[in-house]
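Taking it in order: structure first as structure tokens, then the write-up.
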Amino acid sequence: MEESREAQKYLDASTRQLIWWRYKKHALAMIGLYLIVGLYVFSMFCEFLAPYSKDTRHFDMTYASPTKIRLFDDEGKLKRPFVREVKMDVDLKTQQIRYLEVAGTHYPIRLFVRGDSYEFWSLWEGNLHLFGVDAPGRLFLFGTDRMGRDLFSRCLYGSRISLSIGMFGVALSLLLGLVLGGVSGYVGGWVDSLIQRTIEVIRCFPSIPLWMGLAAAMPPHWHALKVYFMITIILSLVGWTDLARMVRGKLISLREEEFVLAARFAGAGHTRIIFRHLLPSFTSHIIVTVTLAIPHMVLAETALSFLGIGLRPPITSLGTLLKEAQNVTTIALYPWLLIPVAFVIATVLAFNFVGDGLRDAVDPYSR
Amino acid sequence: MATILAVENLRVHFFLDQGLVRAVDGVSFTLEEGKTLGIVGESGSGKSVIGQSILRIVPPPGQIVEGNILFQHQENGATTQIDLAQLDPWGKKARSIRGREIAMIFQEPMNSFSPVHTVGNQIIEALRLHQDVSAAEARNRGIEMLGRVGIPQPELRIDAYPYELSGGMRQRAMIAMALVCNPRILIADEPTTALDVTIQAQILELLRSLQEEFRMAILFISHNLGVIAEISHEVMVVYFGRVMERATVSEIFKAPLHPYTKALLESVPGIDTPVRTHLATIEGTLPDPHMYIRGCPFFGRCGECEGNTVCRDEPYELTWVAEDHYVACPRICVPM
Amino acid sequence: MTDSDVLLEVRNLKKHFPIRKGVLKKVVAHVKAVDGVSFSVRKGETLGLVGESGCGKTTVGRMIMGAYRPTEGSIWFSPPNGKPPLDLASIDPGDMRELRPHIQMIFQDPFASLNPRMTIREIIGEPLIVNKVARGEELDRRVHELVEMVGLQPQHMSRYPHAFSGGQRQRISIARAMSLYPALVVADEPTSALDVSVQAQIVNLALDIQDKLGLAYLFISHDLGLIRHFSNKIVVMYVGRVMEYAPAQNIFERPRHPYTEALMSNVPTTRPELIGRRIVLRGETADPINPPPGCPFHPRCLYAEEVCANVVPPLAELSPEHQAACHFSRELNLTGCDALGCAV
């Protein structure tokens, strides 16, 4: 029988291609995927994308509201986007700081400007930024904090830390989960019981107090980087249990699959069965679990840092940024300080969408 | 003999992402009171969809796109003819017919029972949904029905959960649930496929005796030619969503006319085929379900048409060839 | 027939699965899945193992494949290289690995038995690779040959299982089982998931391959018609025990056990005029956890007498090669496949 082109393509496809075709049909999952890719690109190149470095203080611009970007000049003519110079002023009645635009000033937003110098990935030095305005005009897309630091730039730097903690934490959980879950599922017997009981005990701890306890045990004089790694380890200590259970469950059900039996009857050894048959059959499930675990890590980090027991300045994460917005007065007067929450929400939602889409797509043979 | 149900030129299409699938493509038949019509076909022939369309439970993206399903509806002693194909599947009317006048049993009884309620409660609920009876009376009717389908100690088993019953007993309980409202049509979709032969024989026997007792019409759907032969009065052979042949049971198994029916019968190692010899096979595979075939869908696998393009290209219809015997074979029904 | 023709000899094979309950996993009962089964398979012949679900036929097959260790009994297998027979029930894993190429299996479910993430080439080639039989170009040549032997198109070798229909997948499964030219193939319901027309194709293929390679089949099925068509000898099992064991023709002409008779009369036939002769059994298949005392079939048997409920009938030799486990085999005159419309 003749096969149409379309059918031919389907018949020749590998499992991975089938999963991808099915995933593509899931609109939300695709949006999530673009968002994640976007967020990771942002955080990878944040030195270049941010108009200022995360620690540059503008003392004359503390708690500045987001800069207005204008398209029309005083005569009402359309111009390329520009900003006006802003001057601090004190409202004599309320004693509140406010920022007033200086009329007539005109600083167009330009691409590829030279500005604060940085060390890109600690490899190259540079001072090129994707966009910016010439001094004394200043561009604060999300406003500034109490020390006059540009919140937009800090958000980008913050997501770098938060997202990477998610990645490293999950990577560590994955390692633990794969090894312990794998041993538990494949060996069975008392080893299995021991590992399963341990998991149950770990899962019984309320996670926030556990994290708090562990985080509090860290000596305060530790270097910020060391704290960062410790926090990752603390987060993954709890995170691996889910993965280990998933791996064990999958292994046990797959071990009884006929194709695994067939391989055994063909004379295949343990190594071949594990690496050729078992692992490839649930990598996609692992990816799903991992995708759904990352937002948990991000949230956990945010929560810890927000409480002040996670990362500490000078490390900037989304959590430490939110710490600035801890009291009602600040939020009422400077609502833009809550913008980092949007990043947290975007990250968590995007990962959840992708995870859901993948979960629907990983089994391309079910209809 | 009274016709209860007449299906005319039924077409059910599935609108899939990959294209249109004509699951049922112009099927017509009638169901008579107290008689069994067997639908036999291989997987993918659309035989189950026919049953689902009558109950209006075709799963999306399937839709009845054409045809009538004329049912002699009885209400308050009066008989009216209604077209089930025009009903809103979720409407009151369809729901009042489903379960009360037309009931269905499936291959896997576990799927039609809820695992968290006792068998009895589900039978009672089915009864009280359609009839105005007290709880106590419904329970008595349930016990009576369970006893009638051959479940020992029905007054105890009525409080059993589905998982506590064996496969055969579950199938009996499902039949009890289907028949408790005394339906006039029973649609049985592969009800014995998951059972062992000795249990299958029991269930077939049970269905036959219940049919005599309740005078209901049965639409029996199966892939197993033997089972169909034993239970049916009339048999319809379907392939690729179309009826290939329809005749009385003795006619179809003694003197089949359609090449597909013949091939199907020959490919089962009958007890008189010489042992350890080649069985007759049907070459090739089912056509791609997305394809539209104007002529005979069996073209290309058929051993009798010898590449005659009339078979492939000419539209044809199920044609009367003898009393109660209809065939859809272009060689027979298209003048050449 | 000399003894050297015997390829597989199963003696008094038992498998009892423990049922554990409670926190301490105490053994509360046993499922007597297989409870004393004996038969032998000669080189190049087909032994049919027939019975209803739960009769232990699959467990017998799996024990021969080495998936479970038997609780009791022995499985003597004579390797084709002329070495003395080995007992698969107590063999050590190293020796088993050497025997693997000679015993292969075809599974029931064509969807579960092929790894969806491997191409056909990899699936069929796997036994050749792991047993270090062939590699590189030689491997390609062998796989190509096998693919052609089972009637698939070699240009589709780099496709994945999802691209194939149930029947084609079963062909792939057969090609995999045949790749090492085994002496014995255990086929566990190889066609029960397939449509009848496809079933016929697979049966023909299996017969052709047997002719060509001279291998023996242990053919496990619930379908009497298929078993009759396929087998030289037949074992009828019920709740873990052998009810009757005889050459196919004898069993169908003149069954000597009431269960065999009932089973035959229950096969649905396309000859409606024969329905009247059906023996409808009462009750259900016995529970292998708690089988009835005496003959396990007695609660359902039409001919049962008091002795049947108390004494387990032994598998007795009624004529050369014909054995049945019934107290009354000699007295009863049971109907054979006449009831099925058999023209033998």
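The values are calculated or read from the model by the stated rules, or taken from the named source; none is laboratory data. What you see is a predicted model; the values in this text were computed from it and never measured. Methodologically, a virtual Cβ is constructed for each residue, glycine included, from the backbone with ideal geometry; neighbour enumeration extends over all protein chains shown.
What are the pairs with Cβ atoms under 8 angstrom where one residue, in segment B:148-177, is more than 14 Å from chain C (Cβ to nearest Cβ) and the other, located anywhere, is surrounded by fewer than 18 Cβ atoms within 10 Å (Cβ to Cβ) and at pLDDT below 85? Sequence gap at least six, or different chains.
B:P162/B:M110; B:Y163/B:M110; B:M174/B:S112; B:M177/B:S112
Taking the residues in segment C:222-281 that are among the polar types (S, T, N, Q) and more than 11 Å from chain B (Cβ to nearest Cβ) as candidates, determine which candidate is farthest from B:R208 (Cα to Cα). Spell out how you get there, then give the answer.
Going through segment C:222-281, the residues among the polar types (S, T, N, Q) turn out to be C:231-232, C:249-250, C:260, C:265-266, C:269-270.
Restricting the remaining residues to those that are more than 11 Å from chain B (Cβ to nearest Cβ) gives C:250, C:260.
Details: C:N250: 33, C:T260: 25 Å.
Applying the filter and picking the extreme gives C:N250.
Among the numbered conditions (1) of a type in the set (G, A, S); (2) under 21 Å from the mean Cα position of the chain (by Cα); (3) part of a loop (DSSP other than H, G, I, E, B), tell me where A:S236 comes up short.
Only one criterion is unmet by A:S236, namely (3).
Show me the helices (runs of 4 or more DSSP H) entirely contained within segment B:98-169 in which 1 or more residues are under 29 Å from B:K47 (Cβ atoms). Outline the logic, then answer.
Working: elements: B:109-112, B:119-130, B:135-148, B:154-157.
The qualifying helices (runs of 4 or more DSSP H) are B:109-112, B:119-130, B:135-148.
Of a type in the set (V, I, T), touching a residue at least 60 places away in the same chain (Cβ under 8 Å), assigned by TED's automatic domain parsing to the domain that holds A:T283 and over 30 Å from C:S179 (Cβ atoms): is that true of A:I252 in this structure?
Against the criterion (of a type in the set (V, I, T), touching a residue at least 60 places away in the same chain (Cβ under 8 Å), assigned by TED's automatic domain parsing to the domain that holds A:T283 and over 30 Å from C:S179 (Cβ atoms)), A:I252 does not qualify.
If a residue has to be within 14 Å of chain B (Cβ to nearest Cβ) and farther than 18 Å from C:P190 by Cα to count, how many in segment C:52-68 make the cut?
0
Would it be correct to say that C:I220 is assigned to a strand (DSSP E or B) and under 18 Å from B:P269 (Cα atoms)? It would help to see each step written out before you state the result.
On the way: assigned to a strand (DSSP E or B): yes; under 18 Å from B:P269 (Cα atoms): yes.
Answer is yes for this residue.
Among residues belonging to segment C:177-198 that are closer than 26 Å to B:E42 by Cβ and either buried (at least 24 other Cβ atoms within 10 Å of the Cβ) or modelled with pLDDT of 90 or more (or both), point out the one that is nearest to the other protein chains (Cβ to nearest Cβ).
In this case the residue turns out to be C:S197.
I'd like the residue in segment C:124-141 that is among the hydrophobic types (A, V, I, L, M, F, W, C) and part of a loop (DSSP other than H, G, I, E, B) and, out of all such residues, is nearest to the other protein chains (Cβ to nearest Cβ).
This residue is C:V133.
Considering only residues that are in contact with a helix residue (DSSP H, G or I) (Cβ under 6 Å, 6 or more places away or on another chain), of a type in the set (A, V, I, L, M, F, W, C) and farther than 19 Å from A:V290 by Cα, which ones fall in segment A:6-48?
Answer for segment A:6-48, where residues must be in contact with a helix residue (DSSP H, G or I) (Cβ under 6 Å, 6 or more places away or on another chain), of a type in the set (A, V, I, L, M, F, W, C) and farther than 19 Å from A:V290 by Cα: A:L11, A:F42, A:C46.
Hey, any hits in segment B:138-146 for a residue that's within 27 Å of C:V267 (Cα to Cα) and either modelled with pLDDT of 90 or more or more than 14 Å from every other protein chain (Cβ to nearest Cβ) (or both)?
Yes, because at least one residue in segment B:138-146 is within 27 Å of C:V267 (Cα to Cα) and either modelled with pLDDT of 90 or more or more than 14 Å from every other protein chain (Cβ to nearest Cβ) (or both).
Just one of C:H162, C:H144 is surrounded by fewer than 19 Cβ atoms within 10 Å (Cβ to Cβ), facing chain A (nearest Cβ under 10 Å) and assigned to a helix (DSSP H, G or I); which is it?
Selected residue: C:H162, the only one of C:H162, C:H144 that is surrounded by fewer than 19 Cβ atoms within 10 Å (Cβ to Cβ), facing chain A (nearest Cβ under 10 Å) and assigned to a helix (DSSP H, G or I).
Being in contact with a Lys or Arg (Cβ under 9 Å, 6 or more places away or on another chain) and under 19 Å from A:R312 (Cβ atoms) is the filter here, so list the residues in segment A:153-171 that pass it.
As a first pass, look at segment A:153-171 and keep what is in contact with a Lys or Arg (Cβ under 9 Å, 6 or more places away or on another chain): A:153-154, A:156-158.
Within segment A:153-171, A:R154, A:Y157, A:G158 qualify.
Quick one: how many residues across segment C:69-123 are within 10 Å of chain A (Cβ to nearest Cβ), under 23 Å from C:V37 (Cβ atoms) and surrounded by 17 or more Cβ atoms within 10 Å (Cβ to Cβ)?
Number satisfying all stated conditions: 8.
I'm checking my understanding of the structure. Among residues of segment B:284-329 that are exposed (fewer than 14 other Cβ atoms within 10 Å of the Cβ) and aromatic (F, W, Y), which one is modelled with the lowest pLDDT?
Among them, the one singled out is B:Y292.
Checking B:I332 against (1) more than 22 Å from the chain's Cα centre (by Cα); (2) outside any loop (DSSP other than H, G, I, E, B); (3) crowded, with 21+ Cβ neighbours inside 10 Å: exactly one of these is not met. Which one?
Status for B:I332: all satisfied but (3).
Of the residues that sit in segment A:7-38 and are surrounded by fewer than 18 Cβ atoms within 10 Å (Cβ to Cβ), more than 24 Å from A:A346 (Cβ to Cβ) and facing another protein chain (nearest Cβ under 8 Å), which one is modelled with the lowest pLDDT?
For segment A:7-38, the residue satisfying everything is A:A7.
Among the listed residues A:V298, A:V288, A:V260, which satisfies the condition of being among the hydrophobic types (A, V, I, L, M, F, W, C) and facing chain C (nearest Cβ under 10 Å)?
Criteria check complete, one pass: A:V260.
Just a yes or no: is a residue in segment B:79-92 over 27 Å from B:E32 (Cα atoms), surrounded by 18 or more Cβ atoms within 10 Å (Cβ to Cβ) and touching a helix residue (DSSP H, G or I) at 6+ places or on another chain (Cβ under 9 Å)?
No, segment B:79-92 contains no residue that is over 27 Å from B:E32 (Cα atoms), surrounded by 18 or more Cβ atoms within 10 Å (Cβ to Cβ) and touching a helix residue (DSSP H, G or I) at 6+ places or on another chain (Cβ under 9 Å).
Here are the criteria: (1) of a type in the set (V, I, T); (2) within 18 Å of the chain's Cα centre (by Cα); (3) part of a strand (DSSP E or B). Tell me which single one C:T59 does not satisfy.
Single failed check for C:T59: (3).
For residues in segment A:250-302 being among the charged types (D, E, K, R) and assigned to a helix (DSSP H, G or I), which is surrounded by the most Cβ atoms within 10 Å (Cβ to Cβ)?
Going through the qualifying residues, I end up with A:E301.
Every residue in segment B:37-46 that is closer than 11 Å to B:F240 by Cβ and within 12 Å of another protein chain (Cβ to nearest Cβ), please.
The answer is B:G41, B:E42, B:G44, B:S45.
Could you tell me which numbered condition C:M178 fails, if it satisfies all but one of (1) under 20 Å from B:A280 (Cα atoms); (2) within 18 Å of the chain's Cα centre (by Cα); (3) not polar (S, T, N, Q)?
(1)
Give segment C:290-309 a look and list any residue that's among the aromatic types (F, W, Y) and either part of a helix (DSSP H, G or I) or buried (at least 18 other Cβ atoms within 10 Å of the Cβ) (or both), or say none.
Within segment C:290-309, C:F297 is the sole residue that qualifies.
Restricting to segment A:181-214, name every residue that is touching a helix residue (DSSP H, G or I) at 6+ places or on another chain (Cβ under 8 Å) and of a type in the set (A, V, I, L, M, F, W, C).
Within segment A:181-214, A:V183, A:V191, A:I195, A:I199, A:I202, A:F205, A:I208, A:L210, A:W211, A:M212, A:L214 qualify.
So how many residues does segment B:71-105 have that are in contact (Cβ under 8 Å) with a residue 12 or more places away in the chain, among the polar types (S, T, N, Q) and under 19 Å from B:R128 (Cα atoms)?
Number satisfying all stated conditions: 2.
Residue by residue through segment B:238-255, note down the ones that are at the interface with chain C (Cβ under 10 Å from one of its Cβ atoms) and crowded, with 18+ Cβ neighbours inside 10 Å.
Correct list: B:V249, B:I252, B:F253.
Can you spot a residue in segment C:312-334 that is outside the structural domain of C:G225 (by TED's automatic domain parsing), closer than 30 Å to B:L265 by Cα and at pLDDT below 90?
yes
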